[in-house]
Amino acid sequence: MNDIADGLSQAVNLIVTLNPDVMQIAALSLYISLSATILAALIAIPAGGFIHFHEFYGKRALMILIQTLYSVPTVVVGLVLYLLISKAGPLGFLGLLFTPAGMILGQTVLIIPIMMGLVISALGGVDRNISDTLVSLGATNFQKIVEIIKEARFAILSAVVLGFGRAIAEVGVAMMVGGNIDTQTRVLTTAITLETGMGKFGFSIALGILLLTVALVVVVVLNLITSGISPDSPWMRGGPQG
Amino acid sequence: MIRIEHLTKAFGSKELVKEISLEIRKGEIFTVIGPSGSGKTTLIRLIDLLDIPTSGKIFFDGTDTSASENTRLLIRRRMGMVFQKPAVLNVTVAENVAFGLKFRGMSQQEITRKVPEALDLVGLFHFADRRAPTLSGGEMQRVAIARAMVTEPDVLLLDEPTANLDPVSSDMIEDLIVRINREFGTTIIMSTHDMIQGQRLADRIGVVMNGRLVQTGNPGEIFYQPAGGEIARFVGIDAIHGGIVTGNQGGHALIRVGETFLEALTDLKTGQRAVLFIRPEEVSLTPADASGGKSSVRNQFPGRITKLVPSGPFVRVIVDCGFVLAALITRRSCTELELTVGTTIVAGVKATAIHVLPDRDDRTAV
């Protein structure tokens, strides 16, 4: 009981005083996960769009594969990436192991499937009549695709938010690819693991609170953006109401 | 304007549109009527070049629309389409209306000039900044019409535009369609399963059944001279089968149905079998005791009422006079005549109101 009470008061102290160690870890976490989210979105949105708008052999199998990868364990991604970018690995020459860049790569790979899958269902959620309507209004194929992606913007945004959530909360990739090196690759989750192991509960709790706060801020900001776009429309919805 | 030749569209092994040939004239309102699932939507979509026909061709002002994808786009841009279920995008009403202009690469200046005009046309001028998904069904449909009309199309296609609307919104859309046709000279092609609506609006009507165009004509022809039993039933006429022409003098024929003789106008020769079609509105009912030679109506059939079917302000009275005859009278007349099931009554119908077709033992004979 003491541990918890002590830890909590210590945590509040660390946060209120803007403890440089804590802040540095939080900032690095945010940098890595946001970068990974942006990269993944840049890949997942066009790729999801391509899959949605084209019919090809093996499309269903691909969808099943993508959905399976939603639940790929972070340590498995960490392991595969470790093997690829470690010195002896085929991508070893890039020198990405134990660097923030390597961690960004790892988290990007980790969240692409879930983002892509949700983008595909977001686009699928746009009423088929919308597509016909756009064509009948004289849209070229490209104009049609752009408008449908715009129409699904809220659902796509929630796919991006979910990707960010998975990135900032994961431990496996950060630990195995990043190596949890102090001031270099130590992020919120890996720091919590380490400090808890060393019995420094106050530090861990402070980091835990920060982790949730970061998530809260990101979600609130995205909320504001979306509700700013449409004050009276159903939030996070792909298409118009039936 | 639009010439359709042997158009067929199949999905898998099911042919939704079969061998339809049709010519739509510039400036007319052409309605396609037919029961649900008869292929009307498929036909309209093919005309708007949204789908590619399995076989057959569509010519737009003489141009073969199947020439290339680019030709299809350019021709599609000369048409406007309004779907049965209005789909609006989740942006403002004005932005919804602007899409067609945007796609055609019009300047922002042009767009700001034309969009309010189009909204004014449909009476939604003050809705410009509203978000489209918050509108009612009728309002959305008007946005859809404004969106189609803003590009000043040569042809406006409407697929059951009032099917999901209340009567008031429905009337408003109908008025709008007629106004667009009269004011802008826009050729209008509209599908509907509401035959009364089809009749009200159309210059010409095409009847589609089971994917086939079974009759084309002006509303009078379709409603009074249906080309077959199934069409007759669709436009509200029950066929009377089993007639035999027993005499014909210069087109004035005597036809026997069971034990009863009817006079009708037809070219069928003595001995030929005939099907008779009588619109229920054309049948008059008089009390049995008041009958006699007073009426100018030649065909007078005493009979018994077997059924009364209320339908809005009217009552459909089914009379058994050797054959089954339906009469449509107002509710008030029904009360005044004290009609009930079992009442004996005299049904009258003018010879000119009976439409006669040869009976080929084929109820769908065309």
Can you pull out every residue in the range B:92-113 that is more than 30 Å from B:Pro167 (Cβ to Cβ) and away from chain A (no Cβ under 14 Å)? B:Ser107, B:Gln108, B:Gln109, B:Glu110, B:Thr112, B:Arg113
Taking the range A:134-170 as the search range and keeping residues that are within 29 Å of A:Leu211 (Cα to Cα) and among the basic types (Lys, Arg), which one is farthest from the other protein chains (Cβ to nearest Cβ)? A:Arg166
Do any helices (runs of 4 or more DSSP H) entirely within the range A:122-197 hold 3 or more residues that are within 30 Å of B:Gly80 (Cβ to Cβ), and if so, which? A:128-136, A:141-151, A:153-169
Restricting the range B:44-56 to residues that are assigned to a loop (DSSP other than H, G, I, E, B) and surrounded by fewer than 20 Cβ atoms within 10 Å (Cβ to Cβ), the residue that is nearest to the other protein chains (Cβ to nearest Cβ): B:Leu50
Leading residue by the ranking (nearest to the chain's Cα centre (by Cα)) among those in the range B:155-180 that are in a loop (DSSP other than H, G, I, E, B) and either more than 14 Å from chain A (Cβ to nearest Cβ) or crowded, with 19+ Cβ neighbours inside 10 Å (or both): B:Glu160
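Look at B:Val235 and say whether it is buried (at least 19 other Cβ atoms within 10 Å of the Cβ), under 22 Å from B:Ile196 (Cα atoms) and not basic (Lys, Arg). Let's see the steps before the verdict.
Values: buried (at least 19 other Cβ atoms within 10 Å of the Cβ): yes; under 22 Å from B:Ile196 (Cα atoms): yes; not basic (Lys, Arg): yes.
It is true that B:Val235 is buried (at least 19 other Cβ atoms within 10 Å of the Cβ), under 22 Å from B:Ile196 (Cα atoms) and not basic (Lys, Arg).
Got a sec? Which of A:Gly49, A:Gly58, A:Gly78 is among the small types (Gly, Ala, Ser), out of contact with any Phe, Trp or Tyr (no Cβ under 8 Å at 6 or more places or on another chain), at positive phi and modelled with pLDDT of 90 or more?
Numbers: A:Gly49 fails: at positive phi; A:Gly78 fails: at positive phi.
One residue alone meets the criteria, A:Gly58.
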With among the aromatic types (Phe, Trp, Tyr), more than 14 Å from chain B (Cβ to nearest Cβ) and in contact with a Ser or Thr (Cβ under 9 Å, 6 or more places away or on another chain) as the only criterion, which of A:Phe50, A:Phe98, A:Phe93 stands out? A:Phe98
Considering only residues that are under 21 Å from B:Val207 (Cα atoms) and touching an Asp or Glu at 6+ places or on another chain (Cβ under 6 Å), look in the range B:57-87 and name the one that is farthest from the other protein chains (Cβ to nearest Cβ). B:Lys57
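Counting just the residues of the range B:190-214 that are of a type outside the set (Lys, Arg) and over 11 Å from the mean Cα position of the chain (by Cα), which one comes out farthest from B:Lys9 (Cα to Cα)? Give the steps one after another, and end with the answer.
Going residue by residue through the range B:190-214, those that are of a type outside the set (Lys, Arg) are B:190-199, B:201-203, B:205-211, B:213-214.
Next, from what is left, pick out any that are over 11 Å from the mean Cα position of the chain (by Cα): B:209-211, B:213-214.
Working: B:Met209: 14, B:Asn210: 12, B:Gly211: 9, B:Leu213: 13, B:Val214: 17 Å.
Restricting to residues being of a type outside the set (Lys, Arg) and over 11 Å from the mean Cα position of the chain (by Cα), the top hit is B:Val214.
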Out of the residues in the range B:116-133 that are more than 13 Å from chain A (Cβ to nearest Cβ) and part of a helix (DSSP H, G or I), which is surrounded by the fewest Cβ atoms within 10 Å (Cβ to Cβ)? B:His126
Collect the residues in the range A:136-153 that are surrounded by fewer than 22 Cβ atoms within 10 Å (Cβ to Cβ) and either aromatic (Phe, Trp, Tyr) or at pLDDT 95 or above (or both), keeping them in residue-number order. A:Phe142
Give just the number: which of (1) within 24 Å of the chain's Cα centre (by Cα); (2) among the polar types (S, T, N, Q); (3) within 14 Å of chain B (Cβ to nearest Cβ) does A:Ser131 not satisfy? (1)
May I ask you to list the residues in the range B:181-205 that are closer than 23 Å to B:Glu281 by Cβ and not in a helix (DSSP H, G or I)? B:Thr192, B:His193, B:Asp194, B:Ala202, B:Asp203, B:Arg204, B:Ile205
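Hey, does the range B:249-263 have a residue that's acidic (Asp, Glu) and under 26 Å from B:Ala351 (Cα atoms)? Step through it out loud before you land on a result.
Applying the first criterion (acidic (Asp, Glu)) to the range B:249-263 yields B:259, B:263.
Pick out the ones that are also under 26 Å from B:Ala351 (Cα atoms) and you get B:259, B:263.
Yes, the conditions are met somewhere in the range B:249-263.
Given B:Lys26, B:Lys85, which one is assigned to a loop (DSSP other than H, G, I, E, B), surrounded by fewer than 20 Cβ atoms within 10 Å (Cβ to Cβ), in the same structural domain as B:Leu158 (by TED's automatic domain parsing) and in contact with a helix residue (DSSP H, G or I) (Cβ under 7 Å, 6 or more places away or on another chain)?
Values: B:Lys26 fails: in contact with a helix residue (DSSP H, G or I) (Cβ under 7 Å, 6 or more places away or on another chain).
Exactly one residue qualifies, and that residue is B:Lys85.
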As an exercise: evaluate B:Phe103 against (1) over 22 Å from B:Val208 (Cβ atoms); (2) touching a residue at least 40 places away in the same chain (Cβ under 8 Å) and give the number of the one condition it does not meet. (2)
Odd one out for B:Ser136 among (1) more than 24 Å from A:Lys144 (Cα to Cα); (2) away from every other protein chain (no Cβ under 14 Å): (2)
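The values are calculated or read from the model by the stated rules, or taken from the named source; none is laboratory data. Since the structure is predicted, the reported quantities are computational estimates derived from the model, not experimental observations. Reconstructed Cβ throughout: ideal geometry from the backbone, glycine too, with neighbour counts over all protein chains shown.
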